[in-house]
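Input: a single structure, listed below in structure tokens.
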Amino acid sequence: MTATPAIEGWFTTGAQPALVGTGCTTCATVFFPRAEGFCRNPACAGEEFEDVELSRHGVIWSYTDAQYQPPPPYIPRTDPYEPFALAAVELPEGLVVLGQVADGYGVHDLRVGGEAELVVETLYTDADGDHTIWRWKPVTEMGAEADQ
């Protein structure tokens, strides 16, 4: 089976996955998701952008859990639906990016100010194969030591 991003062009895959944003070439403001057409900075009239790989690590800004099943086009992985955690992670670029928390982690593993890293995991599987998405994995003391 093949693995393809559920949202093409929003993130890279491999050993060091990263979110892909755009940077305005006029004012250097960075956006995620990617911007086209005009700069989202109201003080800038820029219209040219370049791809920017965002930092893989950030700080948990806020978190919650999804106790209810999101509406379509969300595709639940289990039947019955199993709640999952969401984290808003502030990246060094100044952006706060919301995403699901990695498999095996829940709100009890998260704390505001804690570190999180970007991982790519399977969102759902169908006849075409695995469809992947980025998720935030909390970095624990033990996990941080193992990465060094």
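Residues that are closer than 24 Å to GLY9 by Cβ, at pLDDT below 95 and surrounded by 11 or more Cβ atoms within 10 Å (Cβ to Cβ) occur at least once in the range 54-70.
Identify the single condition in (1) surrounded by fewer than 14 Cβ atoms within 10 Å (Cβ to Cβ); (2) farther than 20 Å from THR22 by Cβ; (3) not small (Gly, Ala, Ser) that LYS137 does not satisfy, given that it satisfies every other one. Condition (1) is where LYS137 drops out. Is one or more of the residues making up the range 117-132 in contact (Cβ under 8 Å) with a residue 12 or more places away in the chain, assigned to a loop (DSSP other than H, G, I, E, B) and farther than 20 Å from GLN67 by Cα? Yes - at least one qualifying residue is present in the range 117-132. Note on the range 1-43: residues that are in contact with a Lys or Arg (Cβ under 8 Å, 6 or more places away or on another chain) and either in a loop (DSSP other than H, G, I, E, B) or among the hydroxyl-bearing types (Ser, Thr, Tyr) (or both) total 7.
Would it be correct to say that ASP51 is among the acidic types (Asp, Glu), closer than 27 Å to GLY114 by Cβ and outside any loop (DSSP other than H, G, I, E, B)? The answer is no for ASP51. Taken together, GLY143, GLY113, GLY129 contain a single residue that is modelled with pLDDT of 95 or more, over 17 Å from GLY21 (Cβ atoms) and exposed (fewer than 15 other Cβ atoms within 10 Å of the Cβ), which is GLY113. Could you tell me whether THR78 is under 26 Å from THR2 (Cα atoms), hydroxyl-bearing (Ser, Thr, Tyr) and out of contact with any Gly (no Cβ under 8 Å at 6 or more places or on another chain)? It is true that THR78 is under 26 Å from THR2 (Cα atoms), hydroxyl-bearing (Ser, Thr, Tyr) and out of contact with any Gly (no Cβ under 8 Å at 6 or more places or on another chain). Could you tell me whether the range 78-101 includes any residue that is within 12 Å of the chain's Cα centre (by Cα), of a type in the set (A, V, I, L, M, F, W, C), at pLDDT below 90 and surrounded by 11 or more Cβ atoms within 10 Å (Cβ to Cβ)? No, there is no match, as no residue in the range 78-101 is within 12 Å of the chain's Cα centre (by Cα), of a type in the set (A, V, I, L, M, F, W, C), at pLDDT below 90 and surrounded by 11 or more Cβ atoms within 10 Å (Cβ to Cβ). Of the candidates ILE60, ILE75, the single residue that is within 17 Å of ALA102 (Cβ to Cβ) and either assigned to a loop (DSSP other than H, G, I, E, B) or among the aliphatic types (A, V, I, L, M) (or both) is ILE60.
Quick check on GLU93: is it within 29 Å of CYS24 (Cα to Cα) and out of contact with any helix residue (DSSP H, G or I) (no Cβ under 9 Å at 6 or more places or on another chain)? When the stated conditions are applied, GLU93 passes them. Within the range 1-39, restricting attention to residues that are free of Cβ contacts under 8 Å to residues at least 12 places away in the same chain and of a type outside the set (Phe, Trp, Tyr), which residue is surrounded by the fewest Cβ atoms within 10 Å (Cβ to Cβ)? Top of the filtered list is ALA15. The residue list ASP65, ASP79 contains one member that is under 23 Å from VAL119 (Cα atoms) and among the charged types (D, E, K, R), which is ASP65. Among residues that are surrounded by 15 or more Cβ atoms within 10 Å (Cβ to Cβ) and under 16 Å from the mean Cα position of the chain (by Cα), VAL107 is not included.
The values are calculated or read from the model by the stated rules, or taken from the named source; none is laboratory data. These numbers come from a predicted model, not from an experiment. Neighbour counts run over all protein chains shown; Cβ positions are idealised from the backbone, glycine included.
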